[in-house]
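A short write-up of the structure that comes next.
Where a number appears in this text, it was derived from the coordinates with a stated rule and is not lab data. Because the structure is a prediction, the values reported are computed rather than measured. Here Cβ is always computed from backbone atoms with ideal geometry, including for glycine, and neighbour counts include all displayed protein chains.
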Number of protein chains: 2
Amino acid sequence: MPIHTDRTYELQLEKLRASVLEMGGLVEDQIAQAMRALTARDQTLARATIERDHMVNRLDVEIDDLALKLLALHQPAARDLRLITTALKVTTDLERIGDLAEHIAERATELAGELPIKPSIDLPRMAELARDMLRRSLDAFVREDEKLALSVCNADDTIDQLHGQLFRELVEFMAEDPRTVSRAMRLLFVSKYLERVGDHATNIAEMVIFMVKGRSIRHLDRPPREL
Amino acid sequence: MPIHTDRTYELQLEKLRASVLEMGGLVEDQIAQAMRALTARDQTLARATIERDHMVNRLDVEIDDLALKLLALHQPAARDLRLITTALKVTTDLERIGDLAEHIAERATELAGELPIKPSIDLPRMAELARDMLRRSLDAFVREDEKLALSVCNADDTIDQLHGQLFRELVEFMAEDPRTVSRAMRLLFVSKYLERVGDHATNIAEMVIFMVKGRSIRHLDRPPREL
C-alpha cells in the first residue's frame, strides 16, 4: 500500500474522531440550551433549540458515511475496526440525546405559558451531571481511555437517585394539589429525559471499554470498580 | 478465495440474520409476558420476565462478536457491509426494547400490590401494535424488504396518538382523585415505554431502508409515502 494511502486512512480516522466529538458537543449544547429555556421560561430559546436539531442530523449521516467508507476501502483490523464500529454505534446514542434535548425544549415551551410551580427539585443539577457524563464518555472515546469510561458508568447511580427522589417529591406534590398535576408531570418528564441522557452516556462509556479492552462489561449487573 | 471460504462466509451471514431474528423474538416475547403480568397482576410472572433478560444479553454479545468477525475476516463490500453494520446497530435497539420490557415488569410488580384503578385505557392494544411493528421491522431486515420497513415507519403515528390520548385521560384522572396519582403515574410510564418500543421499531425500519437503498430517510420530517 503506498504511503499516501496510509496517510489518507489516518486522516480519515482522525476526521471520524473529530466528527463524533463535534456531534457530542452539539447535543451537549442542546441540553444546556433546553434547560436554560426551561428555567428562564423562554419560548423563543426553546424553539431555537428544537430547530438546531438538523445540525445534529447532518453530522449523524456524515459519520455513518465516513465509517462505512473506512470499512469498505481500508479493511481495518482489530483495534481500528472496533473504533470504527463503535463510532457507528455512538452516533445512535448521540442522536437520541439530541431528541431528548428537543423533548425538554417542547416541555419548556408548554410550561412557559403556565404559572410556575416550585417544588424543591433540582433539574439543573441533574442536567449538569448528565452533560458531564456525556462529555467524559466522548473524551474517553477519542482518547481510548477505559478508566475514564469506567468513571462514567459509576456516576450513573447518582443521576438515577436524583430522579427517584424527584419522582417521589412530585407525586406527593400532585396528590396534595391536583391543580399542579399537568405541570408537575411535565417536570417529571424532563427529569426522566435527563436520566435517559445519563443512560446514553453510560452506554457510550460501556462501548468505549469494549473498544479498548476487546471485552464487554455491558451485561454485568454492576460495573466493576476497576478493569 | 477457495470455495469453502465463500460457503463459510454465506453460512455466517445467515447465522447473523438468524441471531438478530432470535433476539427480536425474545424481546417481543418479553413485552408480551410483561403485559400479561401487568393485566393479570401476577408478580411471579413479572419477576420471571425480569430474569429472562440474560438470554437477550447473551445474544447481543454473540451478534456483535459475529459481526466484527465477519468484518475483520471477510472484508465484505457494499450491500453485505451495510447488512453487517446494520445488524450491529439493530442489536442496540433490541437490547433497549428488552430493558423496556423489564421496566414494564417492574411497574407490574409495584401495581400488583395495590388496588387496581380502571380508567378507559388501552395499554394492551398499544403493546400489540408495538410488537407488530417490531416483528415487521425485523422481517424487513432479514428479507431486505424496504417496502415492509416503510410500512413500520408509517405505523408509528398511531401508537404516538394512543399515548397522547392516554396521557390526557390519566392527567384528568389524577386531578379528579389525587389518591390515584402514584398508580396512574405507573400506568403512564408503561404507556411511555410502549411508545418507545414503537420508536425503536421505527429506528430499525429506517436502518433497513438505508441498508437496502443505500440512502437515509432518517432525518426527513415525515417518512415518504413510497420509496
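Beyond 30 Å between alpha-carbons counts as too far, so tell me which of B:118/B:147; B:15/B:213; A:15/B:192; A:147/B:69 fall in that bin. Distance filter (> 30 Å) returns B:118/B:147; A:15/B:192.
Taking 0.36 nm per residue of sequence separation and removing the Cα-Cα distance, the residue A:143/residue A:72 pair yields an extension gain of 23.1 nm. Note on residue A:51 and residue B:151: the model spin-label points, each 7 Å out from Cα along the C-beta direction, lie 3.9 nm apart. In the assembly of identical copies, residue A:55 has its label point, taken 7 Å from Cα in the direction of the beta carbon, separated from the corresponding points by 4.6 nm (ascending, one decimal).
Between residue B:44 and residue A:161, the simple spin-label model (points 7 angstrom out along Cα→Cβ) gives 3.6 nm. Considering only A:88, A:150, A:73, the mean-square fluctuation computed in a Gaussian network model of chain A, springs between alpha carbons under 10 angstrom, is largest for A:73. Each other copy places its own label point for residue A:75 at 0.2 nm from this one, sorted shortest first, where the point lies 7 Å along the Cα-to-beta carbon line. Ascending distances from the residue B:29 label point to its copies in the other chains, with the point 7 Å along the Cα-to-beta-carbon line: 4.8 nm. Highest average first, the peptides B:128-134, B:36-42 ordered by how many other beta carbon atoms sit within 10 Å of their residues are B:128-134, B:36-42.
Among A:34, A:18, A:201, which one shows the highest mean-square fluctuation when chain A is modelled as a Gaussian network with alpha-carbon springs under 10 Å? Among A:34, A:18, A:201, the largest mean-square fluctuation in the Gaussian network model of chain A belongs to A:18. As a proxy for reagent exposure, ranking B:50, A:97, A:209 by other Cβ atoms within 10 Å from fewest up yields B:50, A:209, A:97. Evaluating kT/(6 pi eta Rh) at 20 °C and 1.002 mPa s, with the Kirkwood radius of chain A over Cα pairs in the Stokes-Einstein relation, gives 115 µm² s⁻¹.
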